[in-house]
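Chemist: Before I ask anything, let me first share the structure, which is written out below as structure tokens.
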Amino acid sequence: MPSVGGDVELRWPTDLDDELSIEVHRVLHAVVRAGGAVGYLSPPDRAMSDKWLTAVLAAVRAGDAALALARVDGRTEAFGCWSRLPWEPFVHSAEIQKVMAHPEARDNGLGRRIVAALIERARAAGLENLILDARGNNHGAIELYEEFGFVVHGRMPNVVEVGNLRFDSVKMHLVLGHPPGVELRGSQPGGPGSSRRRHP
């Protein structure tokens with residue numbers, strides 16, 4: 001297991017090259033093979049990994065995403081990203097996705113460093129909210145996000161399919177802050193999109 005101290009190098013790639021393709025695929029393939037809950041049921045091949053990377057990096061170049069890599073001794077051992085929500089009323093929010101560390105590099109705090117870096121980059125980008133979706137049995141990840149202030153705001157019971165198994169989808173969010181002049185209306189009546197109650 002690689003030893004991780006204070007010399008972890010964080011990188012923020014913007015373009016896909018062979019080195020990035022190989023290193024991200026290495027981590028992603030190993031995590032899925034070990035049963036990681038990162039959106040794949042079987043280890044993806046490099047073409048599938050590159051397809052995801054290409055889309056994320058295009059969003060990075062457009063200012064709508066951030067991809068963080070944690071490198072140890074010159075090799076990528078963990079990564080994660082956030083992507084801005086694509087609907088116009090939600091462009092001030094982004095979703096954290098695919099935070100993972102290679103199985104041989106776990107328990108070294110790399111996931112924590114990735115999450116911390118993603119939150120900092122999101123604040124710098126002027127985002128107001130971060131959301132994420134965690135599998136209900138992924139207790140370690142849920143507790144890690146709670147350490148950073150994420151709270152559970154919903155749960156879809158038994159909707160994640162893994163063969164004959166079904167797991168909850170746990171919805172979490174973190175409020176990063178709002179710019180001056182923003183009026184927080186919550187669920188108050190009135191304003192754009194409002195409708196009257198059906199029953200007084």
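Please treat every number below as a calculation from the coordinates, not as lab data. Keep in mind that what you see is a predicted model, and the values were worked out from it rather than measured. Here the Cβ positions follow ideal geometry from the backbone for every residue, glycine too, while neighbour counts run over all protein chains shown.
Chemist: How large is ³J(HN,Hα), in whole Hz, for each residue of the stretch 117-131 in order, when computed from phi with the Karplus curve 6.51 cos²θ - 1.76 cosθ + 1.60 and θ = phi - 60°, using x for Gly and Pro?
Modeler: Those phi angles translate into 5, 5, 5, 4, 5, 5, 4, 5, 7, x, 5, 9, 9, 10, 10 Hz.
Chemist: How big is the charge dipole of the stretch 80-134 about its Cα centre, in debye rounded to the nearest 20, if each Lys and Arg gets +1 on its Cβ and each Asp and Glu gets -1 on its Cβ?
Modeler: Approximately 180 debye in magnitude.
Chemist: Towards the positive end of the charge dipole of the chain, with charges on Cβ (+1 Lys, Arg; -1 Asp, Glu), say which of I131, P43, H199 has the farthest Cα.
Modeler: H199
Chemist: So, one more: Enumerate the calculated ³J(HN,Hα) couplings along the stretch 20-33 in order (Karplus 6.51 cos²θ - 1.76 cosθ + 1.60, θ = phi - 60°), each rounded to whole Hz, writing x wherever the residue is Gly or Pro.
Modeler: 5, 4, 5, 6, 5, 5, 4, 5, 4, 4, 5, 5, 5, 4
Chemist: Let me ask something additional. Mind jotting down the distance between the C-alpha centroids of the stretch 61-100 and the stretch 119-170, whole Å?
Modeler: The stretch 119-170 and the stretch 61-100 have Cα centres spaced 14 Å from each other.
Chemist: Quick one: order V151, V38, V24 by neighbouring beta-carbon count within 10 Å, fewest to most.
Modeler: V151, V38, V24
Chemist: Note down the magnitude of the dipole of the stretch 38-99 about its Cα centre, charges +1 on Lys and Arg C-beta and -1 on Asp and Glu C-beta and zero elsewhere, to the nearest 20 debye.
Modeler: 120 debye
Chemist: Using modelled backbone amide H atoms (1.01 Å from N, in-plane), which distant-in-sequence or interchain residues come within less than 5 Å of V72's amide H?
Modeler: E77
Chemist: Tell me which of H173, P89, T76 sits at the most positive position along the dipole axis of the chain, charges placed on C-beta atoms (Lys, Arg +1; Asp, Glu -1).
Modeler: P89
Chemist: Rounding to the nearest 20 debye, state how big the charge dipole of the chain is about its Cα centre with +1 on each Lys and Arg Cβ and -1 on each Asp and Glu Cβ.
Modeler: The dipole of the chain has a size of about 860 debye.
Chemist: What is the set of long-range amide H partners of V99 at a cut-off below 5 Å, with H atoms built 1.01 Å from backbone N?
Modeler: The list, which skips near neighbours in sequence, is C81.
Chemist: Amide H of L176 versus every other amide H placed in the peptide plane: which residues, excluding those fewer than 5 positions away on the same chain, fall under 5 Å?
Modeler: Here the answer is N129, L130, since their amide H atoms fall under 5 Å of that of L176.
Chemist: Hey, another quick one. Can you run phi through the Karplus equation (6.51, -1.76, 1.60; θ = phi - 60°) for the stretch 76-81 and list ³J(HN,Hα) in whole Hz, with x for Gly and Pro?
Modeler: Computed from phi, the couplings for the stretch 76-81 are 5, 10, 7, 7, x, 8 Hz.
Chemist: Among [x] 41, 39, 33; [y] 62, 43, 31; [z] 48, 38, 27, only one was calculated for this model; which label is it, if the read-out is Cα extents along the principal axes in Å?
Modeler: Answer label, from the structure shown: [y].
Chemist: Mind checking the full-extension length gain between W12 and S187? Use 0.36 nm per residue of separation minus the Cα-Cα distance, one decimal, nm.
Modeler: Full-extension gain reported as 59.3 nm.
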